[in-house]
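In what follows, a structure is listed as structure tokens, so that the remarks can point back to it.
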Amino acid sequence: MMTETPDEPLSPTGRLFMQPSSDEVINCVVAVENPMALDSLKSEIHSSLMLKHPRFCSLMLRDPRGREHWRRTAVDVDRHLIVLRDRLSGASDDDAINDYVAGLASSSPLASDKPLWEIHVLAAHNAAVFRVHHALGDGVSLMSLLLSHCRRADDPARLPTVSGAASATRRRWSFWEVVKVLWFTFAYVVEFVLRVAWLGDRRTAMSGGSGVELWPRRLATARFRLADMKIVKRAVADSTINDVLFGIISSGLSRYLDMRESKALRNGIQITGIAMVNLRPHTGLQELSQLMTGDPGSRWGNKFGVILLPVYYHGSESDPLEFVKRSKAMIDKKKLSLEAPFSYKLMDSIISLLGPKLASMLKYRLLCNTTFTVSNVMGPQEEITLAGNPVKYIRPTSSSLPHAITMHMMSYAGIADMQILVAKDVIPDPRVLANCFQDALLELKAAAEVALKS
């Protein structure tokens, strides 16, 4: 029997995500072209690799000492499949789906009497919301599992092309490179500790804070063409898509603050974000076999560090590409530091030695002292199908945080969708903010085209 399998303790990061102030659920919308056949979907779930994975077949239980464990159990798929047949209110399918996910983000935790995942089928909108507790794994693990059930639309026998670079090759570091690594690591670790302790961003029209995670949410989508982002990338020497993304965020937030702030802000004000960094040897999404049976550094679970990513308000900028250049300079320094591995090891050590409650309190303080969360996952390069149904888009987001803004971007078949989840009492219309980001990219593209011609 499955219950005879010995209980397995949660990882330190898994224990962190089970704390009340760190309880987090990943909500991922997958929209398809054709109506979903529920019988086919159930059959797909029953035969899926998901139900062979122990995390998706286990209850989370606490022993008398308060230690969390996974206990294997039989899975009743019908309890995990929530079907809504009627149309939801909303001007469009996208608006209706976003409003539904926003409601889940702030007021719908996962039940603890079954394994910590659900699939909500929005039948009238040809979409499903995959809900998975963060204790089961990070975004790379969960998206890799989801895509293992998809196939390429142009070749149904093949899995989607997994984006990501190979492991970095070993190279000799010069003396000055070592000095830079030590200096930037020291500087960023000190800032990280100060942020946890007391140092916070200046209050603006987009600031969150303690208790904001309980406020109602709204959700909007900003859409970017990867081809446009690549034009900007070519105009700024040695830049990356992430550099362009943070240039868009810096420009877009500046545009929004110009509209919302009653008093003019001083140029250069820091707006600090938190980003999760995948610490596996391979970047991007992973082959599921590597996650399940690869070396310990590539295994399934929560294998990410946290870094602080500051952007700066600039209300008037004669050259829009300066937003990308500043972002590139900041990210280049971050790449030379060990801030992400440090944050991972620090939290791991605190949880193991002092317990997850203290670690959760420190994480909460870090969120309260910063302004936004952002993540970026490179998805399939080509169009794909799920259970034979062509996929229109894949849009992940998370449950509410003390931040008033969280942004999760994922690319798919040449389009990058960024889900912008906001506290609606702070940012009443996230569609305006989404338009600020989209307009920022168009302005950057126009400036890049001029720069490339000159």
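When a/c reaches 1.5 or more, the comparison of a/b and b/c decides; with that in mind, is the chain rounded, prolate or oblate per its Cα gyration tensor? Don't jump to the answer; show the numbers that get you there.
Working: a/c = 1.44, a/b = 1.24, b/c = 1.16.
Note, shape of the chain comes out rounded.
In Å and whole numbers, how far do the C-alpha atoms of the stretch 80-208 stretch along each principal axis, longest first?
For the stretch 80-208, the Cα spread along each principal axis is 63, 48, 35 Å.
Strictly over 20 Å apart at the Cα level, which of Lys180/Lys334; Lys328/Lys392; Lys180/Lys333; Lys233/Lys303; Lys335/Lys357 would you flag in this model?
Lys328/Lys392; Lys233/Lys303; Lys335/Lys357
Taking a probe of 1.4 Å, how large is the accessible area per residue of the chain, in Å²? Can you show the working numbers first?
Numbers: 20550 Å² over 454 residues.
In whole numbers, the chain has 45 Å² accessible per residue.
Leaving ligands and nucleic acids out of the surface, order Leu110, Leu442 by accessible area at 1.4 Å, largest first.
Descending order: Leu442, Leu110.
Can you give the % of DSSP beta bridges in the chain that are antiparallel, to the nearest 5? Can you show the working numbers first?
On the way: 59 of 72 bridges.
Around 80 percent of the beta bridges assigned by DSSP in the chain are antiparallel ones.
Over the chain, what relative contact order in percent results from Cα pairs under 8 Å that are six or more residues apart?
Once normalised by length, the contact order is 25 percent.
For the chain, with all protein chains present and a 1.4 Å probe, just round the carbon and sulfur fraction of the accessible area to a whole percent.
Working: 11440 of 20550 Å².
Here carbon and sulfur together make up 56 percent of the probe-accessible area.
How do Glu261, Glu68, Glu449 rank by accessible surface area computed with a 1.4 Å probe, from largest to smallest?
Per-residue accessible area, sorted high to low, gives Glu449, Glu261, Glu68.
Using per-residue counts of other Cβ atoms within 10 Å, averaged over each peptide, order 396-403, 331-338, 269-276, 82-89 from highest down.
396-403, 269-276, 331-338, 82-89
So how much slack lies between Arg431 and Lys325, counting 0.36 nm per residue of separation and subtracting their Cα-Cα distance, in nm?
35.5 nm
How compact is the stretch 34-117 by the rule of thumb for globular proteins, expressed as Cα Rg over 2.2 N^0.38 Å?
For the stretch 34-117, the normalised Cα radius of gyration is 1.37.
Based on the Cβ-Cβ distance from Asp155 to Ser89, what FRET efficiency comes out when R0 is 56 Å, to the nearest 0.05?
With R0 = 56 Å, the Cβ-Cβ based efficiency is 0.90.
If one computes P(r) from the Cα atoms of the stretch 323-454, what percent of pairs lie at distances over 21 Å?
62
Could you tell me the ratio Rg/Rh of the stretch 88-159? Both radii from Cα atoms, Rh via Kirkwood.
1.03
May I ask you to derive the FRET efficiency for Trp173 and Ala205 from their Cβ-Cβ distance with R0 = 51 Å, giving the value to the nearest 0.05?
According to the calculation, E is roughly 0.70.
Using 0.36 nm per residue of separation minus the Cα-Cα distance, give me the extension gain between Leu265 and Val77 in nm, one decimal.
Computed gain between Leu265 and Val77 is 62.4 nm.
Students sometimes get this wrong: rank Ser250, Ser108, Ser47 by accessible area, probe 1.4 Å, all chains present, largest first.
Heavy-atom accessible area, descending, gives Ser47, Ser108, Ser250.
Treat each spin label as a single point 7 Å out from the Cα along the C-beta direction, and report the Ala227 to Ser107 distance in nm.
4.3
Which whole DSSP H helices in the chain pass both tests: a Cα extent of 24 Å or more along the axis and a mean Kyte-Doolittle value no lower than -0.5? Walk me through the numbers on the way to the answer.
Numbers: long enough: 175-197 (33 Å, 1.42); 241-260 (28 Å, 0.49); 430-453 (35 Å, 0.50).
Span-like helices here: 175-197, 241-260, 430-453.
Taking the full set of protein chains and a 1.4 angstrom probe, give the accessible area of Arg431 in square angstrom, rounded to the nearest 10.
90
Which peptide among 132-141, 383-392 comes first, and what is the full order, when sorted by highest mean count of other Cβ atoms within 10 Å?
132-141, 383-392
Please work out how much length the chain gains when fully extended from Arg67 to Leu442, using 0.36 nm per residue of separation minus the C-alpha to C-alpha distance, in nm with one decimal.
That pair, Arg67 and Leu442, stretches by 129.9 nm at full extension.
The values are calculated or read from the model by the stated rules, or taken from the named source; none is laboratory data. Computed from a predicted model, the values in this text were never measured in an experiment. All Cβ positions, even for glycine, are placed from backbone atoms using ideal geometry, and neighbour counts span all protein chains on display. What goes into the accessible areas is simple: the full protein's heavy atoms, side chains included, and nothing from ligands, DNA or RNA. Shrake-Rupley method; radii C 1.70, N 1.55, O 1.52, S 1.80 Å.
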